[in-house]
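Below: one structure, written as structure tokens.
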Amino acid sequence: MPSARRPQRGPSGFTLIELISVIGVVGVVGATAVPRLTALAGEARFASLQVAQGSLSSVAAIAHGQFAIRGRTPDSMQTYGDVALPMVNGYPGADEKLADAAGLAPGYAVHARDAGTLVIVPKDLAGSAAADQCYLVYTQSRTPQSAPVIALGAAASAATCS
């Protein structure tokens, strides 16, 4: 009976050329992907500021609607959810409680710039040079006939929020 012998194979593994080729491909992919991922962070921060702007606008509109229906005095307190908002000319005043009512407190640094103006910055940028360009401003109503102004900083963009 013939014996069942396996044929012998040569050594297995990768050649040096194959290893260098793989390292080169990984390096090229990394060099092109890292800048794109960095840009995505700025785009995400800028988009979150736009969402925060919409949240503040919604809270201001709903609070003003409630004010109009209930017929309160223009400069009173009004409850929005569980947050008591100071009202100015029938709209929410520039108070840190407004950010709480809009659900912005956990992810944003909120502070009053001056009387009647609230500045909102993504928390991860607070205190950095980028915070001087990547921010949102809520300016409370100045007259009974005017709504508050809710605007992104003049230089805010995906590039400046990186």
Inset, instruction - Work through the residues other than A126 whose Cβ is under 13 Å from its Cβ and net out their charges, Lys, Arg +1 and Asp, Glu -1. - result: 0
Legend entry - Under DSSP loop assignment and at most 10 Cβ neighbours within 10 Å, longest trypsin sites (Lys or Arg not before Pro)-free interval of the chain: 10-162
Legend entry - Diffusion constant of segment 15-61 at 37 °C, which comes from Stokes-Einstein with the Kirkwood Cα-pair radius and 0.692 mPa s, µm²/s: 239 µm²/s
Inset, instruction - Return an integer: the convex hull volume of the alpha-carbon atoms of the chain, in Å³ per residue. - result: 197 Å³
Inset, instruction - Would you mind calculating the gained length between A41 and D75 on full extension (0.36 nm times residue separation, minus the Cα-Cα distance), in nm to one decimal? - result: 8.2 nm
Inset, instruction - Could you calculate the FRET efficiency of V22 with A61 from 1/(1 + (r/R0)^6), where r is the beta carbon distance between them and R0 is 41 Å, rounded to 0.05? - result: 0.10
Legend entry - Theoretical gain in end-to-end length, Q145 to Q50 [0.36 nm per residue, Cα-Cα removed]: 31.7 nm
Legend entry - Computed helical MRE - 222 nm, the chain, DSSP H runs ≥ 4 contributing -39500 (n - 2.57), nearest 500: -13500 deg cm²/dmol
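Just so you know, all these numbers are worked out from the coordinates, no wet-lab data involved. Just so we're clear, the structure is a prediction, and the values are computed from it rather than from any experiment. All Cβ positions, glycine included, derive from the backbone under ideal geometry; neighbour counts span all protein chains shown.
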